[in-house]
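Working notes for the structure below.
The values are calculated or read from the model by the stated rules, or taken from the named source; none is laboratory data. Just so it is clear, the structure is predicted and the values come from calculations on it, not from any experiment. All Cβ positions, even for glycine, are placed from backbone atoms using ideal geometry, and neighbour counts span all protein chains on display. Accessible surface areas use protein heavy atoms only, side chains included; no ligands, DNA or RNA. Shrake-Rupley method; radii C 1.70, N 1.55, O 1.52, S 1.80 Å.
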Amino acid sequence: MPLKDGGKPGDIAIGPWPDKYILPLDVLVANEVALKKGKEIADKKYANDGAKWAELMNGYQAKHFTLYWEILRRTHQPIYSRQPVFERFSYFWANHFTVAATNHAERVAGHYFDKAINANMPGSFADMLYDVTTHPAMQVFLDGPYSIGPKSRLGKQLRAQGQQADINENLGRELLELHSLSPAGGYTQDDIINVARILTGHGYTIELPDKFPDKERWKVFFPDRHEPGPKSVMGIDYEQGREALRQLTDFLAAHESTILHISRKLALHFIADEPTDNDVAFIANAWRTSGGKLPAIHRAVIERAAARIEARKFQMPEVWLYQMLRCSGSNLFNGWEQTGSDVEETLYDSYLRSPSALLEELGQSYWVVRQPNGYSDRRSDWVSPEYLDRRLRFAQLAFTAGKPPVDVASLIGRMDVSARTRALVQSVKTPVDQFVLLFCSSELTEA
């Protein structure tokens, strides 16, 4: 990861992130709880004094606000990692299993990316599906902890007190519709309801910090919230208890509809906006023969993409940005030692920019409020005057503020670009315009 180098944006040293900035889940949650309590204190103590309220909250933020580190570290990974192919597939799965800034899910999203997605990349889809479903980021994003079985002990108690207690279908619906089967799987509304019942009792929310041992924040289960009795999903019966969820996710992971749905999504993301049936079949066959092992599935995607040389895939904004920075050596983001610097608000004034602000401006950030179906993989959703103008400005920013250490002529030679792109770049005279045209050319925005 980039380290502080005396302020020269084009010259960086690369070093590992210090452990103190790679925080375990219990610390992330504890910081979030502290922030919440701090706001309650500030609201009560300085309700009529905005200046003192801000001073107190700034103190809490300085001590407990860890989201910036999570975003910065995640931003560094695709640019500086020695495993670019791994990072590229990790990016796909992070979009497939979307979490966003709802119910503070973004505050634990860094851990989610590391432990629920990246840690499962060498393993199976079944393990990843279970881990993302039970992780606090997904749980709170889709309201899992707020789902209470109406016949559970807690449900009966709340109802006796005149309070509402019922299941929430959000996570159950998306588990079937987006994360596994897709609507082509033939599930019914009753299946969604029973999946939601199976999910009751699973999940953590920071609103219940005293319910947990100090280190236990993930894959927790509250028996008093769980809907009792058997549940049937797509003709299969599941007994009550925490084990039913793993049995369900294993069933969904191996289902033919899941295999075809996600194989098509992989082909759409990596090969073409209109993948052929042969593209999907090639990936799906690797899925079946490997038993859902992700390395085999990823290898099939790469082999099929390489074989389909006539197919061109328009790069989503964030992928395009990371590829440009990685290829050019432009140093657009802070290093971890630079985070104490003041961040300029003007786009071209400084390369010391907040990654969250840059990604939101680009139009594709994983740390903002958005829908659970992820960002679109289709060219038509990103090719517009507005989004193309943003790419032009970001390419200019990468050159002007990022100070790439390699000149454009060397980049052209290194990339072995086509004669058409070479002529396009040489049609302008200034280095910045050459850089912009190179990285905004069709050859470098499509793959």
Number of the condition not met by K52 [criteria: (1) under 21 Å from E360 (Cβ atoms); (2) among the charged types (D, E, K, R); (3) over 16 Å from the mean Cα position of the chain (by Cα)]: (1)
Test set (1) touching a Leu at 6+ places or on another chain (Cβ under 9 Å); (2) at pLDDT below 85; (3) more than 20 Å from Y68 (Cα to Cα) - G15 fails condition number: (3)
Lone qualifier among T258, T276 - being among the hydroxyl-bearing types (S, T, Y), under 30 Å from S380 (Cβ atoms), surrounded by fewer than 16 Cβ atoms within 10 Å (Cβ to Cβ) and under 28 Å from the mean Cα position of the chain (by Cα): T276
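If you scan segment 296-338, which residues turn out to be of a type in the set (D, E) and modelled with pLDDT of 90 or more? Break it down into steps so the answer makes sense when it comes.
Start the filter on segment 296-338 by keeping residues that are of a type in the set (D, E), which leaves 303, 310, 318, 337.
Within segment 296-338, E303, E318 qualify.
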Residue match in segment 91-101 (condition: open to solvent by 20 Å² or more (accessible area, probe 1.4 Å), more than 29 Å from R299 (Cα to Cα) and under 18 Å from the mean Cα position of the chain (by Cα)): yes
Members of segment 300-317 found to be assigned to a helix (DSSP H, G or I), touching a helix residue (DSSP H, G or I) at 6+ places or on another chain (Cβ under 9 Å) and not acidic (D, E), listed by number: A300, V301, I302, R304, A305, A307, P317
Helices (runs of 4 or more DSSP H) wholly inside segment 360-447 that include at least 1 residues being aliphatic (A, V, I, L, M) and more than 30 Å from the chain's Cα centre (by Cα): 408-415, 419-426, 431-440
Helices (runs of 4 or more DSSP H) wholly inside segment 122-233 containing at least 2 residues that are open to solvent by less than 60 Å² (accessible area, probe 1.4 Å) and farther than 29 Å from T258 by Cα: 153-160
Out of A281, A296, A306, sole residue that is within 23 Å of the chain's Cα centre (by Cα) and either surrounded by fewer than 18 Cβ atoms within 10 Å (Cβ to Cβ) or under 26 Å from Y80 (Cα atoms) (or both): A296
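Yes/no matrix, rows are residues, columns are (1) at pLDDT 95 or above; (2) touching a Ser or Thr at 6+ places or on another chain (Cβ under 8 Å); (3) open to solvent by less than 60 Å² (accessible area, probe 1.4 Å):
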| site | (1), (2), (3) |
| --- | --- |
| G402 | no, yes, yes |
| V406 | no, yes, yes |
| P431 | yes, no, no |
| F435 | yes, yes, yes |
| L444 | no, yes, yes |
Residue within segment 388-405 that is of a type in the set (D, E, K, R), under 18 Å from Q315 (Cβ atoms) and without any contact (Cβ under 8 Å) to a residue 12 or more places away in the chain present: yes
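Restricting to segment 339-380, and then to whatever is acidic (D, E), under 25 Å from T66 (Cα atoms) and modelled with pLDDT of 85 or more, can you tell me which residue is surrounded by the fewest Cβ atoms within 10 Å (Cβ to Cβ)?
Keep residues of segment 339-380 that are acidic (D, E), which gives 342, 344-345, 349, 360-361, 377.
The next check asks that each one be under 25 Å from T66 (Cα atoms); those that pass are 342, 344-345, 360-361.
Then keep just the ones that are modelled with pLDDT of 85 or more; that gives 360-361.
Numbers: E360: 13, E361: 16.
Result: E360.
For A119, indicate whether it is crowded, with 22+ Cβ neighbours inside 10 Å and small (G, A, S). Before the answer, list the steps.
Working: crowded, with 22+ Cβ neighbours inside 10 Å: no; small (G, A, S): yes.
Against the criterion (crowded, with 22+ Cβ neighbours inside 10 Å and small (G, A, S)), A119 does not qualify.
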